[in-house]
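Here is the structure we will look at, set down as structure tokens.
The values are calculated or read from the model by the stated rules, or taken from the named source; none is laboratory data. All figures in this text were calculated on a predicted structure; none of them were measured in a lab. Cβ: placed from backbone, ideal geometry, glycine included. Neighbour counts: every protein chain shown. SASA here: full protein model, heavy atoms, side chains in, ligands and nucleic acids out. Shrake-Rupley method; radii C 1.70, N 1.55, O 1.52, S 1.80 Å.
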Amino acid sequence: MASETVENCSSHNPLLDIDSSDPSSTVNSDEYLELQFRVFRLAFLLTFFSVGIAGFFWGLKASASLLVGALSGIFYFRLLARGVGRLGTSSKIVGKVQLLVPVLLVLVSSRFPQLDLIPALLGFLLYKPALIIQFLSMP
Amino acid sequence: MDSITTAASVVAAGLAVGLGAIGPGIGQGSAAQGAVEGIARQPEAEGKIRGTLLLSFAFMESLTIYGLVVALVLLFANPFAG
């Protein structure tokens with residue numbers, strides 16, 4: 001019954017007719033992928049500079065912690081982007097799996113003496129400047 | 001770490017995560033609702049809507065992460081532990 005209602009609605013309302021073979025949907029998904037790649041590129045660039053600066057001023061331990069945190073942040077953002085990409089197509093909610101990444105990061109950096117907690121957390125948050133730069137540069 | 005500090009840390013960790021997740025949870029739900037409605041009305045703008053939704057989600061979820069980090073620090077790297 002519900003499927004009949006949906007079929008009726010989509011047959012009467014041209015706005016709801018989403019054809020998967022429509023070339024514009026590929027363009028839209030390409031646009032989304034391009035945004036992700038731009039953010040990843042910026043995040044990697046920021047990571048590269050921050051790790052270099054941390055290694056120069058605070059030593060190898062802080063630099064390694066920052067690198068681990070930054071890679072975790074990028075992985076977190078990748079998981080979030082995948083969840084948002086699935087929203088409305090194969091999933092009705094955005095998953096919360098990505099929240100396990102900071103949990104694991106804090107656990108690992110508090111257990112291993114080779115890592116510091118504060119640089120790791122600061123490194124994790126390095127994806128945010130990339131997002132802000134991307135947000136400001138959006139047309 | 002004495003028992004009062006332990007108990008206070010555990011209660012504070014629960015409050016930090018619980019209270020910190022309320023606002024972003026409501027915000028994410030409302031943003032996702034708006035985005036899905038927008039995509040259904042304008043499928044040609046799906047890429048832009050998804051991109052804006054991703055950035056909004058990242059900013060909103062960072063508030064939850066702050067609470068989570070405070071809770072985890074209180075539980076596993078407590079600075080008040082003598």
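So if I take the centroid of the Cα atoms in segment B:25-52 and the same for segment A:60-111, what is the distance between those two points in Å? Centre-to-centre (Cα) distance: 22 Å.
The string of couplings for segment B:35-43 from the Karplus curve (6.51, -1.76, 1.60, θ = phi - 60°) is 5, 5, 4, x, 5, 5, 7, 10, x Hz, one whole number per residue in order, with x for Gly and Pro. The heavy atoms of residue A:107 present about 50 square angstrom of accessible area, all protein chains included, probe 1.4 Å. A straight Cα-to-Cα reach below 28 Å connects residue A:92 with the lysines A:128, B:48, residues fewer than 8 places away in its own chain not being considered.
The accessible area of residue B:80, taken with all protein chains in place and a 1.4 Å probe, comes to roughly 150 Å². Cα convex hull, chain B: 67 Å³ per residue, rounded to a whole number. Compared with the rule-of-thumb size 2.2 N^0.38 Å for a compact globular protein, segment A:27-137 has a Cα radius of gyration ratio of 1.16. On the beta carbon distance between residue A:56 and residue B:77, with R0 = 22 Å, the FRET formula returns roughly 0.25. For chain B, what is the calculated [θ] at 222 nm in deg cm²/dmol (nearest 500), taking -39500 (n - 2.57) for each run of four or more DSSP H residues and dividing by its residue count? My calculation for chain B gives -31000 deg cm²/dmol from helical runs alone. Springs between Cα atoms under 10 Å define the GNM used for chain B, and in it the highest mean-square fluctuation of B:18, B:34, B:47 occurs at B:47. The Stokes-Einstein estimate for the protein assembly as shown, based on a Kirkwood radius over Cα pairs and taken at 37 °C with 0.692 mPa s viscosity, is a diffusion coefficient of 169 µm²/s.
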